[in-house]
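Notes for the one structure printed next.
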Amino acid sequence: MTETDIQERKTLARHLGICLAAVSAAMVVIWPVADLPFGDDTAYTDMALNLARTGHMAYNGWEAVVQILHTYWAALAIELFGFSFLTVRLSTIPYALGSVALCYLLVRRAGLTARAALFVTLLLGLSPLFLPVSLSYMTDVPGLFFTFASLYSLARAEEIAGEPKSYGWLALGAAAGLIGGTGRQIVWLVPLVVLPYLAWVRRSHWWFRLCAEAAWVAVLAGVNYTMAWFRHQPYTVFQPSVLSEMILTVERPFRTAVIAARLSLMLVLLILPATVPLVFRSAEETWRGPRGRKILVAALLLMVMAAIAIHPSLASIPWISNTLNWEGIYGSGPLPGRPIVLTTPIRAVVAVTVYFSVCILAGELWNIRRMARRISELLIKPSSSEFLLAAMSLFSAAYFALVLVRGADFDIFDRYLLPVMPWAATVALLWFAKDNLRAEETVRRAAPYAWVLLGVLAFYGIASTQDLWALAKARVEATRTLEAAGVPRTAIDAGFEYNAWTELMTSGHLNFYLVKNPPGAYRPGLSQTPSVVPQYRLEYEPTPETAASKFGSVPYSSLLPPFHKQVSIDRVLPTATSAH
């Protein structure tokens, strides 16, 4: 082993340690210790608990995700440590930390320097999208882990194609993709897209190519079998075919264009720190460049300004919501009327910054021929050092297209962008590094801004997730006060997670309009939790439908303003109960 190899391993160990320590420290600060589930994982937790108790998997009217691996994993945790919502949530932390480690390995192998790879990994691991779901029992982070594991393994197989170890990496990549997809289907996209590409790139190695093609066939067979089984299970969410969604996408071009723009703007926001060096350089080249480039960028800036003047709502974030919202993580999902964290001025500043960055980066289109040539060279004749970037690019393009198609028929959420964040940030940094003739000077000037932006996003991710779990602890305390006074769960409206758990314990499934099997499972005219007929409601302050009760309120503190909040335990007025 050479001195360079030793130094590289030391750097790898140090940077992995920094990333894992930073994410772990953020989780400790957040401290998600509350006897309450998070969002969709209410239904997922019910599946895991039933599996642990009965030995059988059963869906409950909320799952559009296969959940097999996910459910067995949590059932194992329940068997080992006993049931609690905390146990089930913490079972995903190994996947979260594994995703962080794999992210570093991926982007480093994709061509980033060690320092740039550290930056991108922290950008993902401390993101306000990643932190909340990493401390939940949602499928997003386990899916991310297997996506990264499959990509990394297939890249390692390509590096040493034809050698004995390459077949092990090939099998591992195919298996990680297939098994990971039994938890969250989108993971299947990695082997289905990358294996044929790998076989084509390494077509000169006949036996290796044959094995890659055979692995692709095996994965495809496994996908078809799993989905055929899933579609026949009762109380699963109906999903239209990809073909029908593609037709809808084509039939609604304006809607499709709007969704594509919103997704793209959201992605730029999430990786904004990584775009800073490229924005600096692109601005310089536009200023010093030809008149046509100046006109292009100026025209785009004027168009954006005019659009905001006509429609001021455009100057606001997020463009795709769910995890990242005005009221903080998960928005008003926990309780309606949640105090707004991202006020109008803050949202406007962030939105305008993103628009400005996009307009400046559009100046790169002046070099469209060179850009197209480089992309074609990367995809058609990638070297071993470029294969992973090419594979990540193909996967990300296919994934983005699928999310776009999905948006034709269903709501899409910001957390769906997690798998493409490392790729997008890597492309921005590589495009800057390879094309900048004054790289050192620009990096020196841009780096502080990039790290400051990363720090702002990380702080918001940590603080807003801590706010969410401080609220959760207050909700738990409030419901326990009511239950101790003899109020039944079915008479308490404490937000979706609490109400959904009440419904699952009462009827065994949720009342969701997309459940077609068995016939009659969905009861129109009723809420998702019809067993809950509230006499008491948790909220921030009484509304016209409620009045203050003798139980008062539960105060709590968080890292975001207003720093001192409360959960009010209010009595539902008879007219509101009748309407329910």
Any idea which of (1) of a type in the set (Ser, Thr, Tyr); (2) touching a residue at least 12 places away in the same chain (Cβ under 8 Å); (3) in a helix (DSSP H, G or I) is the one residue 4 doesn't satisfy?
(2)
Report yes if residue 552 is at positive phi and touching a helix residue (DSSP H, G or I) at 6+ places or on another chain (Cβ under 9 Å), otherwise no.
yes
Scan the range 154-169 for residues that are surrounded by fewer than 24 Cβ atoms within 10 Å (Cβ to Cβ), part of a helix (DSSP H, G or I) and in contact with a Phe, Trp or Tyr (Cβ under 8 Å, 6 or more places away or on another chain) and report the count.
4
For the range 189-261, please list each of the helices (runs of 4 or more DSSP H) lying entirely inside it that holds at least 3 residues being loosely packed, with under 14 Cβ neighbours inside 10 Å, out of contact with any Lys or Arg (no Cβ under 9 Å at 6 or more places or on another chain) and without any contact (Cβ under 8 Å) to a residue 40 or more places away in the chain.
206-231, 242-251
Residue list for the range 522-549, restricted to those being basic (Lys, Arg) and outside any loop (DSSP other than H, G, I, E, B):
537
Of the listed residues (428, 478, 447, 458), the one being assigned to a helix (DSSP H, G or I), in contact (Cβ under 8 Å) with a residue 24 or more places away in the chain and assigned by TED's automatic domain parsing to the domain that holds residue 557 is 478
Within the range 228-251, can you find the residues that are more than 19 Å from residue 508 (Cα to Cα) and of a type in the set (A, V, I, L, M)?
228, 242, 243, 246, 247, 248, 250
Lone qualifier among 269, 265 - being within 26 Å of residue 366 (Cα to Cα) and touching a Phe, Trp or Tyr at 6+ places or on another chain (Cβ under 7 Å)
265
Confirm whether residue 498 is outside the structural domain of residue 131 (by TED's automatic domain parsing), of a type in the set (Ser, Thr, Tyr) and part of a helix (DSSP H, G or I).
yes
Which condition number does residue 317 fail, the rest of (1) among the aliphatic types (A, V, I, L, M); (2) touching a residue at least 60 places away in the same chain (Cβ under 8 Å); (3) under 30 Å from residue 472 (Cα atoms) being met?
(2)
Restricting to helices (runs of 4 or more DSSP H) lying wholly in the range 313-423: which have 3 or more residues that are modelled with pLDDT under 90?
368-380
Given (1) surrounded by fewer than 16 Cβ atoms within 10 Å (Cβ to Cβ); (2) closer than 23 Å to residue 416 by Cα; (3) of a type outside the set (D, E, K, R), identify the lone condition not met by residue 317.
(1)
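The values are calculated or read from the model by the stated rules, or taken from the named source; none is laboratory data. This one's a predicted model, so the numbers in the text were calculated from it and none came from an experiment. So basically every Cβ, Gly included, is an ideal-geometry build from the backbone, and we count neighbours across all protein chains shown.
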